[in-house]
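**Student:** I am attaching a structure below and will ask some questions about it afterwards.
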Amino acid sequence: MDGTPPLLVRALLLGGLLLLGALLYAPGLSGGWVLDDLPNIVQNGRLVIHHLTPGALLQASFSFKAGPLRRPLSMLTFALDRYFFGPAPFSFKLTNVLLELLNALLVYFFGRALLEAYRRLEDSGTDGRLAFAVAFTAAALWLVLPLNLTSVLYVVQREAAFAATFVLLGLIAYTRIRLRILTEGKGWLRLFLLLPLLEILAALAKESGALLPLYALVVEFFLFRFRTQPKTGDPRLGARRDRLRLLAFYLLTLVLPGLAGLVWMLHAGYLDYAGVPFTLGERLLTEPRVVLHYILWVFIPRVEDYSVFHSITVSRGLLAPPTTLVAILALAGLLALAFALRRRAPLVGLGIAFFFAGQAMESTIFPLELVFEQRNYLADYGLVLALSAFVLLARPRGELRLARIALLAGFFVLSAATLLQWSLAWRNNVTLGGAEAAFHPRSPRATYFYAQVLSDRVLAGHPSLYPRARRALIRAAHTPGHDILPDTTRLLLRARLERVFDAPRLLAIERALRTHLLTVSDVNGIESIVHCVRIGLCPIPPKDLAALFRAARASPHFHSLGLQRANLDVLESNALAARRAPWPLVRSWSARAARVMPANPRYRLNLVAIDLAMGDPRAAARDLALAQRLDRLGNYTLVIRRFARAVRRALARSGQTKRSPTLGTHPRRQKEGTAPHR
């Protein structure tokens with residue numbers, strides 16, 4: 001570009017920016033595992049590989065059902081981290097920081113590609129120095145956004161960052177190829193081959209990577225505006241042919257995959273709102289308020305606003321609460337502004353629409369948690385791009401130049417300082433939990449997380465923390481909207497440390513179960529109690545344990561639930577087995593779980609284990625065959641093979657078998673951010 005700063009200057013500026021980013025994230029590298037890190041990574045035995053063979057790598061890639069596509073590329077990176085550097089969280093977090101710095105570079109190159117196309121197509125008067133300033137400023141602001149921290153220091157959220165890597169590569173390629181098509185008439189084959197490949201890789205890192213063609217459509221709509229390069233011969237024929245190619249491109253990469261994915265997810269139950277404390281309509285009403293919060297968290301960075309957990313009141317109507325209608329109107333106005341700026345300030349409009357495109361999957365129809373910061377990891381680049389373009393490209397460009405620079409510099413410094421504060425909170429789980437509880441005292445999950453961290457420290461050999469943990473648990477139990485986990489942890493702590501059965505606490509848990517919809521966290525709490533009883537550390541009488549299950553089954557709308565109901569049946573089966581109940585009774589509860597979730601092979605595999613323990617290999621063979629038919633995607637191939645060998649041995653012994661010590665466990669389709677007691 002004419003007037004572009006020399007390569008050495010650009011390299012020094014980018015190097016300094018990346019060094020600053022590394023320093024800002026450095027305090028959080030000493031932090032521990034958090035929440036979903038545990039089931040996905042720490043407790044995932046199939047993630048541990050001892051050889052870099054294709055079979056071992058494939059096993060690790062599909063070792064956890066983290067999403068509809070199982071996110072194999074991200075899981076593979078976790079396995080390689082563990083293989084080369086061991087199980088400590090430091091190396092995992094360091095990899096995440098390095099990935100963040102790589103993505104900052106890609107964000108810069110994407111901005112350069114956009115500015116080059118802008119200069120060639122919209123404003124040839126923009127010199128190279130100004131174009132570099134816009135691209136560099138947007139990348140710098142994106143790197144220091146505190147809203148992105150959870151995608152870096154929360155290890156498992158590497159999935160979002162890794163998917164963004166492929167999306168950014170795709171957007172750089174799309175922007176450059178489309179410009180070449182317009183200026184040289186070449187590049188169609190590369191576009192049709194490269195973009196679908198990067199889309200697939202992005203989606204295999206995390207499903208949000210499938211938004212790549214939607215992001216590309218935003219770039220097309222605001223910057224290229226479906227313009228075509230006439231070929232030799234009839235210009236109208238060439239333009240029509242190229243428009244058809246564009247239409248075919250978006251049909252193949254966006255429309256058809258989107259429709260197919262939606263149909264498949266409907267069939268697979270990913271739009272099932274049973275067991276979720278809001279309806280589809282209520283979610284669609286609530287999300288505008290959530291998205292408005294995301295925008296405010298970008299432009300008004302305050303450390304007390306950020307959290308792994310966010311509690312928000314569900315919108316029950318347009319005026320319940322009134323901010324629902326305000327948020328809908330505000331977002332509609334922002335979208336209208338983006339379209340109005342399509343020709344006057346295309347990069348500003350592009351940035352706004354880019355942010356909304358990033359919300360199209362996780363902030364719309366799917367029954368996910370309402371608020372998570374990592375959903376903005378790439379989307380929020382659109383906001384800082386819009387700000388940078390608005391401030392630096394506004395005409396007349398020489399007017400108030402120092403004021404414009406001061407505005408962007410002030411925002412950068414404020415964001416960087418807030419990011420450093422938030423990174424310091426992540427230096428260990430106690431400081432993180434303390435910050436969560438202090439900044440979000442009305443959040444039941446934030447207050448319980450702090451109590452859980454302290455309780456885990458007590459059980460790990462720090463009994464002096466017991467009074468502090470007890471106070472934190474009491475505080476969490478008095479937070480509006482809490483589940484049974486605070487009382488469950490208090491019960492277990494007393495049982496394990498004092499060998500005392502806290503009957504009043506168990507009665508409080510039973511009362512709570514009867515009064516609210518049974519959640520995944522509630523089932524996890526009951527599982528913790530059952531496990532403590534099974535290993536002999538919790539002296540809870542059998543009749544009281546049975547009363548706990550009755551209370552859970554008396555919860556509102558229990559019979560409309562699927563996953564929680566089936567998992568509770570499995571837990572009751574395990575509890576009966578721990579008490580040496582008759583095997584037919586044990587089997588009856590697991591059979592109920594299999595009937596509740598007839599398409600899930602895991603529940604049928606539980607029956608295989610019980611059949612073998614009962615000495616009935618023929619029944620085990622029947623259940624195993626059914627489980628194998630249900631396992632269409634091969635998720636349980638290794639388990640099925642192990643059971644097949646056991647069934648063959650049992651048949652060879654003519655039905656003589658030993659009592660099995662374990663029955664298998666229910667699958668965890670745990671929601672993002674839930675915090676079961678560990």
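The values are calculated or read from the model by the stated rules, or taken from the named source; none is laboratory data. The structure displayed is predicted, hence computed values, not measured ones. Counting neighbours? That spans all protein chains shown, and the Cβs are built from the backbone with ideal geometry, glycine included.
**Student:** Can you pull out every residue in the range 553-570 that is among the polar types (S, T, N, Q) and surrounded by fewer than 16 Cβ atoms within 10 Å (Cβ to Cβ)?
**Tutor:** Step one: of the range 553-570, the residues among the polar types (S, T, N, Q) are 555, 560, 564, 567.
Hit for the range 553-570 is 560, nothing else.
**Student:** Please indicate, with yes or no, whether at least one residue in the range 491-500 is in a loop (DSSP other than H, G, I, E, B) and surrounded by fewer than 19 Cβ atoms within 10 Å (Cβ to Cβ). Spell out how you get there, then give the answer.
**Tutor:** Let us first name the residues in the range 491-500 that are in a loop (DSSP other than H, G, I, E, B), namely 499-500.
Restricting the remaining residues to those that are surrounded by fewer than 19 Cβ atoms within 10 Å (Cβ to Cβ) gives 499-500.
Yes, the range 491-500 contains at least one residue that is in a loop (DSSP other than H, G, I, E, B) and surrounded by fewer than 19 Cβ atoms within 10 Å (Cβ to Cβ).
**Student:** Sticking with this one: Out of the residues in the range 28-46 meeting the condition of being of a type in the set (S, T, N, Q) and assigned to a helix (DSSP H, G or I), tell me which one is nearest to residue 419 (Cα to Cα).
**Tutor:** Residues of the range 28-46 that are of a type in the set (S, T, N, Q), as a first pass: 30, 40, 43-44.
Next, only the ones that are assigned to a helix (DSSP H, G or I) stay: 30, 40.
On the way: 30: 16, 40: 26 Å.
Checking each candidate, the answer is 30.
**Student:** Additional query: Has the range 613-622 got any residue that is buried (at least 23 other Cβ atoms within 10 Å of the Cβ) and either modelled with pLDDT of 90 or more or under 16 Å from residue 648 (Cα atoms) (or both)?
**Tutor:** Quick first cut of the range 613-622, residues buried (at least 23 other Cβ atoms within 10 Å of the Cβ) only: 617, 620.
Applying the additional criterion that residues be either modelled with pLDDT of 90 or more or under 16 Å from residue 648 (Cα atoms) (or both) yields 617, 620.
Yes.
**Student:** Restricting the search to the range 457-489, which residues are without any contact (Cβ under 8 Å) to a residue 60 or more places away in the chain, surrounded by 12 or more Cβ atoms within 10 Å (Cβ to Cβ) and not in a helix (DSSP H, G or I)?
**Tutor:** The answer is 462, 479, 482, 483, 484.
**Student:** List the residue pairs whose Cβ atoms are under 7 Å apart, where the first residue sits in the range 326-352 and is within 15 Å of residue 293 (Cα to Cα), the second is charged (D, E, K, R) and crowded, with 21+ Cβ neighbours inside 10 Å, and the two are 6 or more positions apart or on different chains.
**Tutor:** Short answer, once both residue conditions are applied: 327/289.
**Student:** Within the bounds of the range 410-432, is there any residue that is closer than 30 Å to residue 17 by Cβ and either at pLDDT below 90 or charged (D, E, K, R) (or both)?
**Tutor:** Checking the range 410-432: at least one residue is closer than 30 Å to residue 17 by Cβ and either at pLDDT below 90 or charged (D, E, K, R) (or both).
**Student:** Applying the selection to the range 75-119, what residues are without any contact (Cβ under 8 Å) to a residue 12 or more places away in the chain and in contact with a helix residue (DSSP H, G or I) (Cβ under 6 Å, 6 or more places away or on another chain)?
**Tutor:** 85, 91 - these are the residues of the range 75-119 that are without any contact (Cβ under 8 Å) to a residue 12 or more places away in the chain and in contact with a helix residue (DSSP H, G or I) (Cβ under 6 Å, 6 or more places away or on another chain).
**Student:** Could you check the range 310-333 and list, in sequence order, the residues that are part of a loop (DSSP other than H, G, I, E, B) and either surrounded by fewer than 18 Cβ atoms within 10 Å (Cβ to Cβ) or not assigned by TED's automatic domain parsing to the domain that holds residue 383 (or both)?
**Tutor:** Those that are part of a loop (DSSP other than H, G, I, E, B) and either surrounded by fewer than 18 Cβ atoms within 10 Å (Cβ to Cβ) or not assigned by TED's automatic domain parsing to the domain that holds residue 383 (or both): 311, 312, 313, 314, 316, 318, 319, 321, 322.
**Student:** Moving to a separate point now. Which one of the conditions (1) surrounded by 12 or more Cβ atoms within 10 Å (Cβ to Cβ); (2) closer than 30 Å to residue 639 by Cα does residue 51 fail to meet, given that it meets all the rest?
**Tutor:** (1)
**Student:** Test each condition in (1) within 24 Å of residue 354 (Cβ to Cβ); (2) modelled with pLDDT under 95 for residue 268 and report the one that comes out false.
**Tutor:** Against the list (1) within 24 Å of residue 354 (Cβ to Cβ); (2) modelled with pLDDT under 95, residue 268 comes up short only on (1).
**Student:** Another question about this same structure. Against the conditions (1) free of Cβ contacts under 8 Å to residues at least 12 places away in the same chain; (2) assigned by TED's automatic domain parsing to the domain that holds residue 647; (3) not charged (D, E, K, R), where does residue 630 fall short? Just the number, please.
**Tutor:** Failing condition for residue 630: (1).
**Student:** Here's something else I'd like to know. Going through 392, 383 one at a time, which residue ends up being over 22 Å from residue 164 (Cβ atoms), assigned by TED's automatic domain parsing to the domain that holds residue 172 and assigned to a helix (DSSP H, G or I)? Reasoning before the result, please.
**Tutor:** Working: 383 fails: over 22 Å from residue 164 (Cβ atoms).
Result of the check over 392, 383: 392.
**Student:** For residues that are over 21 Å from residue 262 (Cβ atoms) and touching a residue at least 12 places away in the same chain (Cβ under 8 Å), tally how many sit in the range 175-200. Spell out how you get there, then give the answer.
**Tutor:** As a first pass, look at the range 175-200 and keep what is over 21 Å from residue 262 (Cβ atoms): 175-194, 197-198.
Next, from what is left, pick out any that are touching a residue at least 12 places away in the same chain (Cβ under 8 Å): 175-179, 181-185, 188, 190-192, 194, 198.
Going through the range 175-200 one residue at a time, the tally reaches 16.
**Student:** Something else now. Which residues, counting only those in the range 5-27, are crowded, with 16+ Cβ neighbours inside 10 Å and part of a loop (DSSP other than H, G, I, E, B)?
**Tutor:** Within the range 5-27, just 5 meets the criteria.
**Student:** Let me ask another. Restricting the range 398-427 to residues that are surrounded by 13 or more Cβ atoms within 10 Å (Cβ to Cβ) and β-branched (Val, Ile, Thr), which is farthest from residue 139 (Cα to Cα)?
**Tutor:** Here the residue is 418.
**Student:** Next question, about the same structure. Can you name every residue in the range 572-612 that is in a loop (DSSP other than H, G, I, E, B) and closer than 23 Å to residue 547 by Cα? Walk me through how you get there before you give the answer.
**Tutor:** Filtering the range 572-612 down to residues in a loop (DSSP other than H, G, I, E, B) leaves 579-582, 597-600.
Across the range 572-612, the qualifying residues are 579, 580, 581, 582.
**Student:** Right, another one. Inside the range 298-353, can you point out the residues that are in contact with a Phe, Trp or Tyr (Cβ under 8 Å, 6 or more places away or on another chain) and farther than 20 Å from residue 380 by Cα?
**Tutor:** 314
**Student:** Only one of (1) assigned by TED's automatic domain parsing to the domain that holds residue 505; (2) surrounded by fewer than 16 Cβ atoms within 10 Å (Cβ to Cβ); (3) not hydroxyl-bearing (Ser, Thr, Tyr) is not met by residue 451, so which one is it?
**Tutor:** In the conditions (1) assigned by TED's automatic domain parsing to the domain that holds residue 505; (2) surrounded by fewer than 16 Cβ atoms within 10 Å (Cβ to Cβ); (3) not hydroxyl-bearing (Ser, Thr, Tyr), residue 451 misses (2) alone.
**Student:** Only one of (1) at pLDDT below 90; (2) outside the structural domain of residue 459 (by TED's automatic domain parsing); (3) out of contact with any Asp or Glu (no Cβ under 7 Å at 6 or more places or on another chain) fails for residue 538. Which number is that?
**Tutor:** Among (1) at pLDDT below 90; (2) outside the structural domain of residue 459 (by TED's automatic domain parsing); (3) out of contact with any Asp or Glu (no Cβ under 7 Å at 6 or more places or on another chain), residue 538 violates only (2).
**Student:** Right, another one. Would you confirm whether any residue within the range 295-309 is over 30 Å from residue 413 (Cα atoms), among the β-branched types (Val, Ile, Thr), buried (at least 16 other Cβ atoms within 10 Å of the Cβ) and in contact (Cβ under 8 Å) with a residue 40 or more places away in the chain? Before you say what the answer is, go through the steps one by one.
**Tutor:** So in the range 295-309, the residues over 30 Å from residue 413 (Cα atoms) come out as none.
No - not one qualifying residue is present in the range 295-309.
**Student:** Every residue in the range 321-343 that is under 24 Å from residue 122 (Cβ atoms) and either in contact with a Pro (Cβ under 9 Å, 6 or more places away or on another chain) or of a type in the set (D, E, K, R) (or both), please.
**Tutor:** The first filter runs over the range 321-343 and keeps only residues under 24 Å from residue 122 (Cβ atoms), leaving 334-343.
Once the filter is applied, which keeps residues that are under 24 Å from residue 122 (Cβ atoms) and either in contact with a Pro (Cβ under 9 Å, 6 or more places away or on another chain) or of a type in the set (D, E, K, R) (or both), the range 321-343 yields 342, 343.
**Student:** Further question: What is the residue count in the range 89-109 for residues that are among the aromatic types (Phe, Trp, Tyr) and closer than 21 Å to residue 40 by Cα? Spell out how you get there, then give the answer.
**Tutor:** Here is the first cut: in the range 89-109, the ones among the aromatic types (Phe, Trp, Tyr) are 90, 92, 108-109.
From the residues that got through so far, the ones that are closer than 21 Å to residue 40 by Cα too are 90, 92.
Here the count works out to 2.
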